[in-house]
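Written below as structure tokens is the structure these notes are about.
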Amino acid sequence: QKQSSSRISRCIMSWTNSSSSSSSSSSNGSGSNGDDAKTELVAFEAISGHLVKGEYAMRCVVPDPSAMSRLQSSAVSPLLVVTSEPSVHVMAGVLPLAQLSYVKKVKGFKARISDCCFVNGQLDAYLTACEDGTCVLWSVKSTKPVRKFKIPGGKPAMSCCSNGKQVVVAGEENIFFFDVNTSKLIGALSDYHTDLNLVRYHPGSDGKVLFSADDDGLINQFNLVGNDLDDTLDGSMNVEQTVARIGFFGAELEYMYCLTNVETLSLWHVVKGQVMLSMSGKPICSPLLCCEAQQNEHQRSLS
């Protein structure tokens with residue numbers, strides 16, 4: 001029942017992404033259709049023959065919208081599947097996916113992979129965060145690490161992301177910033193969370209806006225313009241459940257979805273910091289108005 005609920009929530013996210021990404025696709029002839037649920041199902045099926053006994057697929061990872069928007073309609077995109085071994089299976093295919101070609105398996109991780117994501121705006125570089133406190137930068141063309149980052153104190157690395165210049169790694173309570181070229185620790189954000197589980201750069205902010213989330217349901221937005229990390233908190237949102245996943249959609253990526261560990265889904269306006277709709281129960285504003293607004297925006301993008 002939980003797995004079925006998860007599929008329903010992911011299909012809702014996919015519909016939202018698909019409707020909002022049409023404007024990008026129609027304007028430049030490229031971009032993903034946002035069908036995350038279909039992509040995941042196809043990827044999990046394609047990888048089944050490459051799993052060892054007892055190994056199972058945990059999550060599917062695709063490049064962010066800013067990277068996908070630069071692809072031609074028939075271009076091949078990399079795709080990652082994180083498994084329980086722990087390992088990362090690299091595949092490639094044309095989105096929306098009809099079939100996948102298997103590329104390689106990256107293994108040798110010494111602890112569970114807690115997060116995996118592509119570098120913002122890139123198709124050939126990705127990161128993994130592990131519970132042994134390490135974050136590793138990889139190239140899709142190799143099985144050897146490009147660079148390693150270690151958070152202080154031996155704490156688990158719960159999540160990671162990168163804007164191409166800096167690598168951000170979430171510990172249990174602190175957010176650490178590393179120079180992507182030297183692996184040097186250059187700063188940290190503290191006292192904003194107690195149980196961090198996710199960090200993500202906004203894909204349309206050129207690495208200037210960072211979101212973090214925790215087990216208490218708090219999502220913080222940081223404005224990282226300048227080199228000073230003090231007083232960077234720009235706003236907070238509360239979904240009241242452990243955050244499992246966030247993502248961005250809309251013509252200008254001005255909206256955010258949040259999926260929780262109890263399979264509730266909420267849609268937010270990033271700039272205003274306001275919730276548009278909650279799928280867990282009582283909506284904050286009229287769902288009819290939200291759907292009507294999305295339909296109007298979709299029609300304008302097609303005209």
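The values are calculated or read from the model by the stated rules, or taken from the named source; none is laboratory data. Remember, it's a predicted structure, so these values are computed and weren't measured experimentally. Cβ coordinates were reconstructed from backbone atoms using ideal geometry, including for glycine residues, and neighbour counts include every protein chain displayed. The area values use the complete protein model at the heavy-atom level, side chains included, leaving out ligands, DNA and RNA. Shrake-Rupley method; radii C 1.70, N 1.55, O 1.52, S 1.80 Å.
Worth pointing out:
- Against the criterion of solvent-accessible heavy-atom surface with a 1.4 angstrom probe, 256, 279 sort, most first, into 279, 256.
- Per-residue SASA entry for residue 51, accessible area with 1.4 Å probe, Å² rounded to 10: 50 Å²
- Expected-Rg normalisation [2.2 N^0.38 Å, Cα atoms] applied to region 204-251: 1.24
- Once backbone amide H atoms are built at 1.01 Å from N, residue 247 has 257 as its partners under 5 Å, excluding neighbours fewer than 5 places away on the same chain.
- Applying the Karplus relation 6.51 cos²θ - 1.76 cosθ + 1.60 with θ = phi - 60° to region 245-257 yields 3J(HN,Hα) values of 7, 10, x, 10, 8, x, 4, 10, 6, 8, 10, 10, 9 Hz, where x marks Gly and Pro.
- Reachable aspartates and glutamates, given that their alpha-carbon falls under 17 Å from the alpha-carbon of residue 107 and they are not under 8 places away in the same chain: 55, 85, 115, 131, 132
- Summarising the label geometry, the points placed 7 Å from Cα in the beta-carbon direction at residue 124 and residue 76 lie 1.4 nm from one another.
- Stokes-Einstein diffusion coefficient of region 35-144, Kirkwood radius over Cα pairs, 37 °C, 0.692 mPa s, in µm²/s: 233 µm²/s
- Between the amide H of residue 119 and those of 125, 126, 127, distances stay under 5 Å, these residues lying 5 or more places away or on another chain, with hydrogens modeled in the peptide plane.
- For region 111-121, the Karplus equation 6.51 cos²θ - 1.76 cosθ + 1.60, evaluated at θ = phi - 60°, returns couplings of 8, 4, 7, 8, 7, 8, 7, 6, 5, 3, x Hz by residue, with Gly and Pro reported as x.
- With θ taken as phi - 60° and the Karplus curve 6.51 cos²θ - 1.76 cosθ + 1.60 applied, the whole-hertz 3J(HN,Hα) list for region 168-180 is 10, 10, 8, x, 6, 10, 10, 10, 9, 10, 10, 6, 5 Hz, x standing for glycine and proline.
- Dipole of region 108-255 computed with +1 at Lys/Arg Cβ and -1 at Asp/Glu Cβ about the Cα centre; of 247, 119, 235, farthest Cα towards the positive end is 119.
- Accessible surface comparison of 47, 186, probe 1.4 Å, protein chains only, largest first: the order is 186, 47.
- 5 angstrom amide H check on residue 146, placed H, neighbours 5+ away: 137, 138, 139
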